[in-house]
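Comments concern the structure below.
The values are calculated or read from the model by the stated rules, or taken from the named source; none is laboratory data. Predicted model, so just to flag it, every value in this text is computed and none were measured. Backbone-built Cβ (ideal geometry, glycine too); neighbour counts: all protein chains shown. Side chains included, ligands, DNA and RNA excluded: accessible areas come from the protein's heavy atoms. Shrake-Rupley method; radii C 1.70, N 1.55, O 1.52, S 1.80 Å.
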Amino acid sequence: MTASSVRPVSEREARQVAEAAREQVWHKPSFAKELFLGRFRLDLIHPHPAPAPDDVRRGEAFLAKLRAFCETRIDAARIEREARIPDETINGLKEIGALGMKIDTKYGGLGLTQVYYNKALALVGSVSPAVGALLSAHQSIGVPQPLKLFGTQEQRDLFLPRCARTDISAFLLTEPDVGSDPARLATTAVPDGDDYVLDGVKLWTTNGVVADLLVVMARVPRSEGHRGGITAFVVETASEGVTVENRNAFMGLRGLENGVTRLHRVRVPAVNRIGSEGAGLKIALTTLNTGRLSLPAMCAGAGKWCLKIAREWSAAREQWGKPIARHEAVGAKISFIAATTFALEAVIDLASQMADEDRNDIRIEAALAKLYGSEMSWLMADELVQIRGGRGFETAASLAARGERAVPTEQMLRDLRINRIFEGSTEIMHLLIAREAVDAHLSVAGDLIDPDKSLSDKGKAAAKAGGFYARWLPGLVTGPGQLPRSYGEFHPEGHRDLSPHLRYVERSARKLARSTFYAMSRWQGRMETKQGFLGRIVDIGAELFAMSAACVRAEMLRSRGDHGAEAYQLADVFCRQARIRAEELFGRLWTNTDELDRKVVSGVLSGSYTWLEEGVLDPSDDGPWIADATPGPSAKDNVHRPIR
């Protein structure tokens, strides 16, 4: 099967596959879900949840050990220069237990909470994002997390001790012609006695080049005794027929051990299947619910580094008689970096602590953290490059060669860029979050806009929807956000007043819900095609969530006597900046160029504007846009590099 001849999948079928993989039931409350429904449930996040003392003790002890390791045994410049993580660095991480941060102590892991796991990733990622990516891919989406959630006891006993101390794992879902549309998945797993036989090609296998264990998603054909569907397997990389055909190279994360892995008649015991047949996508999405938190944790760490460099450089560099930080144009950028870093840390710590407490469903919160963290950290790094000027564009090695401090600003920008694509691109995250945000509406009114439903079904849906909206809509008219003294506990004596920002969040949540309802009424079944509108709805929700987290964190720090005045000031500035962005997004819900953009796109695709491309040359070669992924034996050398 070539990449161009992958089984054709209709848009409807693709949606059905994705919908079937969703967690469709809400067993626990969700702050973000309520926010999109116009209900500001501050009680779900305030007072800020706190970790248990024993968790803090163990977490801080490991952070101290990890900090010492990062300072003495990670050579970030060497990783960037050689485009690989040295074996001795990876072995050192194994020695201190970093491979098992999230694995329970009974399997030889450290048993850290999500909060301290994320703090560890932020720390190591600030030294080398490539090392951070290796640890995150291994534990957040690799073998440990799916087995923790869905594995059998026998699988945990067999694989988790290995993952905790010696074996690196990777997650293999993407294929040359399959990205965020899993309905097109071409890798197969054919039952054969007590085994499955896997055939296919997997692309962008982070950790795949050095991995000992793989989580592989493959399609089991339906047959007698087999329900079939996309299924997850634990595969030994040393198995016959597994070939790492290429180590990919990227604009950033140069030490990333990412490759192309071919599976040719790979026999996998049925006992290595995770969950049931057909449960693979649900396993992948559920794993990502908390797995996505690792990426924004490293984004928050990047913000801290950007703030440190901006502070030190802009105080030392003088222009026109004063430090550049004192010039308003530069100062505004520094204020943005400081305020946004505070908010990103607030978002990730809140979501992580909620994950540890397990009282709330955080699937939307984790997705918002990933979306917001990846977008805002990129903006902060870009502003830092601007603050540094020509030095921001110059490599650290070049700076050092001419006698200046080797500050890897341009590397940070390159390394952060992938985060807007990793683990769900910004565009996919918009759609994923939007689907969850409108879930309550579709559960009561979905049949009304489904063209395949009968008149009888539509009548029943209308009655159900009528009851829901009769109760829900009146609550969107007024609320605490219109009362001047609401949330007064966020205006302690001697501190900035954060209560107006929380009142704004409450009012805006209701406005957001009204806007969503109006859009569904207006576009009905065509709502899912309005991706520009849905993206703005999600971005508004992200700003409101970040504002809420920032205020709650500021109050927590004040109550602990931990930089309370400064925290209140940062939260105030961030909320003022976020409100400006939110108001712009509200305006663009209805005043935009979406329809015109669609017409221009049609013209581009039809060739109407090829004249505009004249006058330049394309340095690309004439190879295929998508590599051939025909199953079969590998014709390339195996570049797999196990670390021992």
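With the cut-off at 49 Å, report for the chain the share of all Cα pairs above it, as a whole percent. Mind dumping the intermediate values first?
Details: 27055 of 207046 pairs.
Within the chain, distances greater than 49 Å cover 13 percent of Cα pairs.
Please sort 90-97, 378-385 by packing, taking for each peptide the average over its residues of neighbouring beta carbons within 10 angstrom, highest first. Please report the intermediate quantities before stating the final value.
Working: 90-97: 17.1, 378-385: 21.2.
So the peptides 90-97, 378-385, ranked by packing, come out 378-385, 90-97.
Using helices alone, I'd like the mean residue ellipticity at 222 nm for the chain: each DSSP H run of four-plus residues gives -39500 (n - 2.57), total over residue count, nearest 500. Before the final figure, lay out each step's value.
On the way: 23 runs with 341 residues, N = 644.
Calculated from helices alone, the mean residue ellipticity at 222 nm is -17500 deg cm²/dmol.
Report ³J(HN,Hα) in whole Hz for each residue of region 576-585, in order, from the Karplus equation J = 6.51 cos²θ - 1.76 cosθ + 1.60 where θ = phi - 60°; Gly and Pro get x.
5, 5, 5, 5, 5, 5, 5, 5, 5, 5
Please give the per residue volume of the convex hull enclosing the alpha carbon atoms of region 384-525, rounded to a whole number of Å³. Display every interim value, and only then the final one.
Values: hull volume 27.1 nm³, N = 142.
Dividing the Cα hull volume of region 384-525 by its residue count gives 191 Å³.
Would you mind counting up the charge near His495? Only other residues with Cβ under 13 Å from its Cβ, with Lys and Arg at +1 and Asp and Glu at -1. Intermediate values should be presented prior to the final figure.
Values: positive: Arg496, Arg558; negative: Glu489, Glu493, Asp497, Glu555, Glu566, Asp572.
Summing Lys/Arg as +1 and Asp/Glu as -1 gives -4.
Apply the a/c threshold of 1.5 to the C-alpha gyration tensor of region 416-480 and tell me whether it is rounded, prolate or oblate.
Values: a/c = 5.71, a/b = 1.62, b/c = 3.53.
Because a/c hits 1.5 or more and a/b fails to exceed b/c, region 416-480 counts as oblate.
Enter the Cα centre distance for the pair region 222-294 and region 98-145, rounded to the nearest angstrom.
If you average the Cα positions of each part, the centres end up 19 Å apart.
Say each of Asp594 and Glu528 gets a label point 7 Å from the Cα, pointing the same way as Cα to Cβ; how far apart are those two points in nm?
With each label point 7 Å from Cα toward Cβ, the separation is 1.6 nm.
When the gyration tensor of region 367-426 is built from Cα positions, what are the square roots of 5 times its three eigenvalues, in whole Å, from largest to smallest? Before the final figure, lay out each step's value.
Details: eigenvalues 148, 23, 9 Å².
Taking √(5λ) for each eigenvalue gives 27, 11, 7 Å, largest first.
Mind running the shape call on region 186-266? Use the C-alpha gyration tensor, a ≥ b ≥ c as the square roots of the eigenvalues: rounded below 1.5 for a/c, prolate if a/b tops b/c, oblate otherwise.
On the way: a/c = 2.87, a/b = 2.22, b/c = 1.29.
Prolate, since a/c reaches 1.5 and a/b exceeds b/c.
Take the alpha carbon atoms of region 441-490, find their center, do the same for region 530-580, and report the distance between the two centers in whole angstrom.
27 Å
Rolling a 1.4 angstrom probe over the protein heavy atoms, how many square angstrom per residue are accessible across the chain? Display every interim value, and only then the final one.
Details: 28980 Å² over 644 residues.
Value returned for the chain: 45 Å² of accessible area per residue.
Order the peptides 71-79, 271-279, 136-144, 536-544 from the highest to the lowest mean number of other Cβ atoms within 10 Å of their residues. Display every interim value, and only then the final one.
Numbers: 71-79: 15.3, 271-279: 18.3, 136-144: 27.4, 536-544: 25.4.
Going by the mean number of other Cβ atoms within 10 Å, highest first, we get 136-144, 536-544, 271-279, 71-79.
By its C-alpha gyration tensor, with a ≥ b ≥ c as the square roots of the eigenvalues, how is region 137-239 shaped: rounded for a/c under 1.5, else prolate for a/b larger than b/c, else oblate? Kindly include the intermediate steps, with their values, before the conclusion.
Numbers: a/c = 1.88, a/b = 1.27, b/c = 1.49.
Because a/c hits 1.5 or more and a/b fails to exceed b/c, region 137-239 counts as oblate.
Sorting check: for 332-340, 115-123, which peptide has the highest mean count of neighbouring beta carbons within 10 Å, and how do the rest follow? Write out the running numbers ahead of the final one.
Working: 332-340: 20.8, 115-123: 25.7.
Put in order of decreasing packing, that is 115-123, 332-340.
Per the 1.4 Å probe, what fraction of the accessible area of the chain, in percent, lies on carbon and sulfur atoms? Present the calculation step by step, with values, prior to reporting the outcome.
Values: 15880 of 28980 Å².
Carbon and sulfur together cover 55 percent of it.
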